[in-house]
1. Looking at region B:97-167 only, what percent of DSSP beta bridges run antiparallel? Nearest 5 please.
2. For region B:17-150, what value does the Rg/Rh ratio take when both radii are computed over Cα atoms and Rh is the Kirkwood radius, given to two decimals?
3. Taking R0 as 41 Å, what FRET efficiency do you get between A:Thr73 and A:Asp34 from their Cβ-Cβ distance, rounded to the nearest 0.05?
4. How much mean residue ellipticity at 222 nm does the protein assembly as shown get from its helices, if each DSSP H run of length 4 or more adds -39500 (n - 2.57) and you divide by all residues, to the nearest 500 deg cm²/dmol?
5. Give the average, rounded to an integer, of partner chain Cβ atoms located within 10 angstrom of each Cβ in B:13-25.
6. Indicate the gyration tensor shape class of region B:166-208 (rounded, prolate or oblate), computed on the Cα atoms with a ≥ b ≥ c the square roots of the eigenvalues: a/c under 1.5 is rounded; otherwise a/b larger than b/c is prolate and the rest oblate.
7. Taking each residue of A:19-25 in turn, how many C-beta atoms of other protein chains fall within 10 Å of its C-beta, and what is the average?
8. Bin width 10 Å, alpha-carbon pairs only: give the P(r) of chain B as whole percents, running from 0 to the bin holding the largest distance.
Amino acid sequence: MPPKGRIKVTEIYCKGCELCVSACPQNVLGLANDHITVKGYHPATLIAEGCTGCGICSIVCPEAAITVYREKTVTNRIPV
Amino acid sequence: MADYDVETETLVYERPDSLTDLSTHFCPGCTHGVAHRLIAEVLDEMNLREKTIGVASVGCSVFSYNYFDFDFIQAPHGRAPAMATGIKRVLPDRTVFTYQGDGDMASIGMGEIVHAAARGENITVFFLNNTNYGMTGGQMAPTTLPGQKTSSSPNGRDVESQGYPIRVAEMLAKLDGASYVVRRSLDDPKNIRMAKKAIRTAFEVQQRGLGFSMIELLSICPTNWGMTPVSSIQWLQEKMIPYYPLGDYKVHPAIAEIKF
Ligand SMILES: Cc1ncc(C[n+]2csc(CCOP(=O)(O)OP(=O)(O)O)c2C)c(N)n1
Ligand code: SF4
Ligand code: SF4
Ligand code: SF4
Ligand SMILES: [Mg+2]
């Protein structure tokens with residue numbers, strides 16, 4: 001089973017440049033065409049299941065707009 | 001407080017503390033933003049934010065002081081290495097870096113950078129090469145490629161009348177005062193990771209008092225190149241990297257020992 005992850009795009013920073021969209025190895029990123037940001041851009045968003053939380057989108061994002069999370073598997077889930 | 005469930009999730013990436021919460025004025029996709037992000041991440045990781053002074057130049061990065069959340073000053077065009085020299089000599093315990101474009105550093109500021117490197121000043125220089133004067137409308141820079149069309153070379157750079165591009169990393173590496181001189185690119189995840197590693201190395205060099213460090217970063221300017229960000233990345237890979245090969249041009253033997 002590939003790891004499961006998710007991202008959060010902070011829309012005030014995103015400028016819809018699509019660098020993350022073209023870099024995502026799982027092809028699960030796209031632009032949200034249903035709304036625009038305060039600056040007038042269609043922001044990046046997850047458009048399909050399958051994000052692994054690899055972090056590649058955050059490495060190419062020029063605006064530090066993406067936060068990336070990865071689900072802990074049962075084995076690496078340590079009690080807190 | 002974490003805004004996720006630490007029991008079930010790991011945080012892989014979040015915006016670094018060394019960036020303010022302002023949205024930048026950079027054009028969509030401009031990799032000036034990637035360079036800013038990497039510098040901020042490294043300063044966070046090295047816990048240097050409280051002891052760092054940045055020197056901005058004139059160009060699209062002129063407002064860097066708004067985006068970095070630590071002490072910053074803005075130098076007259078091309079003079080950032082001279083200002084950084086003064087700051088570092090007076091405050092030797094601070095990490096001091098300049099952030100300069102190719103127009104700023106390789107045209108009007110060529111004298112300052114060459115002499116700062118020759119003196120072996122213990123500062124770090126980030127040199128953003130996007131092959132033009134981005135801020136003023138995409139005019140030809142010393143780094144513009146042969147045949148490249150810009151707003152001031154509409155028929156393409158003619159090396160017969162306009163001369164050849166300058167490979168700054170190779171040139172500065174020849175100076176005895178330079179300790180760490182490398183070229184990296186901001187085009188893909190692997191190269192961006194390598195750029196970050198070089199930024200870390202440069203700051204480690206400065207921390208150890210090993211002298212002058214310069215990182216040339218190949219960067220895109222979608223607006224003046226007249227391309228989308230994604231095609232600009234391809235143009236950088238196809239045209240810039242062959243002319244400006246990535247690599248280490250000067251690594252002082254003491255630097256090879258550094259582990260982090
Ligand atoms: C003394 C002086 N001469 C000329 C200018 C006009 N000027 C502003 S930015 C710039 C060049 C910027 O190019 P670069 O350093 O490559 O930065 P970029 O915008 O491409 O990142 C020039 C020539 C100026 N501001 N001051
Ligand atoms: S974390 Fe990886 S898989 Fe998930 S959206 Fe980003 S690049 Fe794609
Ligand atoms: S790379 Fe960053 S700014 Fe560009 S579309 Fe993706 S999230 Fe938005
Ligand atoms: S003009 Fe070019 S260098 Fe300046 S912010 Fe826009 S894309 Fe970046
Ligand atoms: Mg430039």
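1. So the antiparallel bridges amount to about 40 percent of the total.
2. That ratio is 0.97, to two decimals.
3. With a Förster radius of 41 Å, E is 0.75.
4. Result for the protein assembly as shown, helices only: -7000 deg cm²/dmol.
5. 4
6. Note, shape of region B:166-208 comes out oblate.
7. Other-chain Cβ atoms within 10 Å of each residue's Cβ, averaged: 4.
8. Spelled out per bin, shortest first, that is 7, 32, 37, 18, 5, 1, 0.
Just so you know, all these numbers are worked out from the coordinates, no wet-lab data involved. Computed from a prediction, not measured in an experiment: that's the story for all the values here. Ideal geometry is used to build each Cβ from the backbone, glycine not excepted, and the neighbour counts take in all protein chains shown.
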